[in-house]
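*Asks:* What follows is a single structure, and I will ask about it in a moment.
The values are calculated or read from the model by the stated rules, or taken from the named source; none is laboratory data. Remember, it's a predicted structure, so these values are computed and weren't measured experimentally. Because the Cβ atoms are built from the backbone with ideal geometry, glycine has one as well, and the counts that use them run over all protein chains shown.
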Ligand SMILES: C[S@@+](CC[C@H](N)C(=O)[O-])C[C@H]1O[C@@H](n2cnc3c(N)ncnc32)[C@H](O)[C@@H]1O
């Protein structure tokens, strides 16, 4: 008999506010045996994992509660007292085994060989569980289809395993909500730009609305190409959108945490 393989979920956990998780994501994350959450370095906590902390806490409490219910039942029968300690121990061990959190490192580097090595290792770690019939939920900030670390393991595993993507609220629609303005109206065009480069002048000619992601990597020089466009414009940046330390800034900010996105509107 061949063992049924586990399923891989690629889950978007939204931009930061726990309440922006979807019910579908919640249902999987409350029950899946393995959660995989890559971090950028061994010292840093993964942002996606910090978003779902309340679920991890809830699962921990659920396991503890089921242990104490078991203890109460066993106490009704005095003969089972010895067994009780044994059960309690196995249950606590079981608790750890019931939810396993994998945190492979995906370093923030542009060295593609180094990145591929880390993506391969993470994919192997995940496939080790899937091959044993264990489901794995890979969590990712925002939505898994937008510049997400999930896509690298997805490409490596999709031939051999069943994969289900669960969309999340992405950063830029959340930013538009925080700003309180529509992203696009009528027949306007929206362009999503992961990194401003020298081609930005040409792109600006083509559209009306631009999402500039990874603003923290911008140079002032490239930002000036935008600032100097001879057209009425609105530039708004959002930092740590939907989180407790969210900031909305007119223009490009001087200090740029990693979670900074800029929305640019050109009135043509
Ligand atoms: C690797 S991309 C991940 C995008 C993500 N998958 C999504 O759907 O939005 C990281 C970039 O997304 C943007 N971002 C993600 N979360 C954000 C937040 N809470 N506030 C502002 N920008 C955010 C920033 O531009 C950041 O540099």
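*Asks:* Given the criterion within 16 Å of the ligand (Cβ to nearest atom), over 16 Å from residue 9 (Cβ atoms), assigned to a loop (DSSP other than H, G, I, E, B) and outside the structural domain of residue 16 (by TED's automatic domain parsing), identify the matching residue among 146, 196.
*Replies:* 196
*Asks:* Any chance you could count how many residues in the stretch 103-130 are assigned to a helix (DSSP H, G or I) and touching a residue at least 60 places away in the same chain (Cβ under 8 Å)?
*Replies:* Total satisfying the criteria: 5.
*Asks:* Same structure again: Exactly one of these conditions fails for residue 210: (1) within 11 Å of residue 264 (Cβ to Cβ); (2) within 15 Å of the ligand (Cβ to nearest atom); (3) in contact (Cβ under 8 Å) with a residue 60 or more places away in the chain. Give me its number.
*Replies:* Every listed condition holds for residue 210 apart from (3).
*Asks:* If you don't mind, another one. Are any of the residues in the stretch 183-191 in contact (Cβ under 8 Å) with a residue 24 or more places away in the chain, within 16 Å of the ligand (Cβ to nearest atom), on the phi < 0 side of the Ramachandran plot and part of a loop (DSSP other than H, G, I, E, B)?
*Replies:* The answer is yes, given that some residue of the stretch 183-191 is in contact (Cβ under 8 Å) with a residue 24 or more places away in the chain, within 16 Å of the ligand (Cβ to nearest atom), on the phi < 0 side of the Ramachandran plot and part of a loop (DSSP other than H, G, I, E, B).
*Asks:* May I ask you to say which residue of 248, 163 is away from the ligand (no atom under 14 Å from the Cβ), in contact with a helix residue (DSSP H, G or I) (Cβ under 7 Å, 6 or more places away or on another chain) and either part of a strand (DSSP E or B) or assigned by TED's automatic domain parsing to the domain that holds residue 100 (or both)?
*Replies:* Going through 248, 163 in turn, just one is away from the ligand (no atom under 14 Å from the Cβ), in contact with a helix residue (DSSP H, G or I) (Cβ under 7 Å, 6 or more places away or on another chain) and either part of a strand (DSSP E or B) or assigned by TED's automatic domain parsing to the domain that holds residue 100 (or both): 163.
*Asks:* Condition test on residue 159, is it exposed (fewer than 15 other Cβ atoms within 10 Å of the Cβ) and farther than 30 Å from residue 53 by Cβ? Quick ask: steps written out before the conclusion?
*Replies:* Details: exposed (fewer than 15 other Cβ atoms within 10 Å of the Cβ): yes; farther than 30 Å from residue 53 by Cβ: yes.
Answer is yes for this residue.
*Asks:* Quick one: how many residues across the stretch 102-152 are out of contact with any strand residue (DSSP E or B) (no Cβ under 9 Å at 6 or more places or on another chain), on the phi > 0 side of the Ramachandran plot and crowded, with 16+ Cβ neighbours inside 10 Å?
*Replies:* 0
*Asks:* Provide a single number: the residues in the stretch 213-222 that are within 22 Å of the chain's Cα centre (by Cα) and either without any contact (Cβ under 8 Å) to a residue 12 or more places away in the chain or part of a helix (DSSP H, G or I) (or both).
*Replies:* Step one: filter the stretch 213-222 for residues within 22 Å of the chain's Cα centre (by Cα), giving 213-217.
Then drop every residue that is not either without any contact (Cβ under 8 Å) to a residue 12 or more places away in the chain or part of a helix (DSSP H, G or I) (or both), which leaves 215-217.
Within the stretch 213-222, residues that are within 22 Å of the chain's Cα centre (by Cα) and either without any contact (Cβ under 8 Å) to a residue 12 or more places away in the chain or part of a helix (DSSP H, G or I) (or both) number 3.
*Asks:* Has the stretch 192-207 got at least one residue that is surrounded by 12 or more Cβ atoms within 10 Å (Cβ to Cβ), within 24 Å of residue 118 (Cα to Cα) and touching a strand residue (DSSP E or B) at 6+ places or on another chain (Cβ under 8 Å)?
*Replies:* No; the residues of the stretch 192-207 include none that is surrounded by 12 or more Cβ atoms within 10 Å (Cβ to Cβ), within 24 Å of residue 118 (Cα to Cα) and touching a strand residue (DSSP E or B) at 6+ places or on another chain (Cβ under 8 Å).
*Asks:* Moving on to the next point. Exactly one condition in (1) crowded, with 18+ Cβ neighbours inside 10 Å; (2) at pLDDT below 90 is false for residue 9; which is it?
*Replies:* If we test residue 9 against (1) crowded, with 18+ Cβ neighbours inside 10 Å; (2) at pLDDT below 90, just (2) comes out false.
*Asks:* Ok, one more. It is to be established whether one or more residues within the stretch 222-242 are surrounded by fewer than 15 Cβ atoms within 10 Å (Cβ to Cβ) and within 16 Å of the ligand (Cβ to nearest atom).
*Replies:* no
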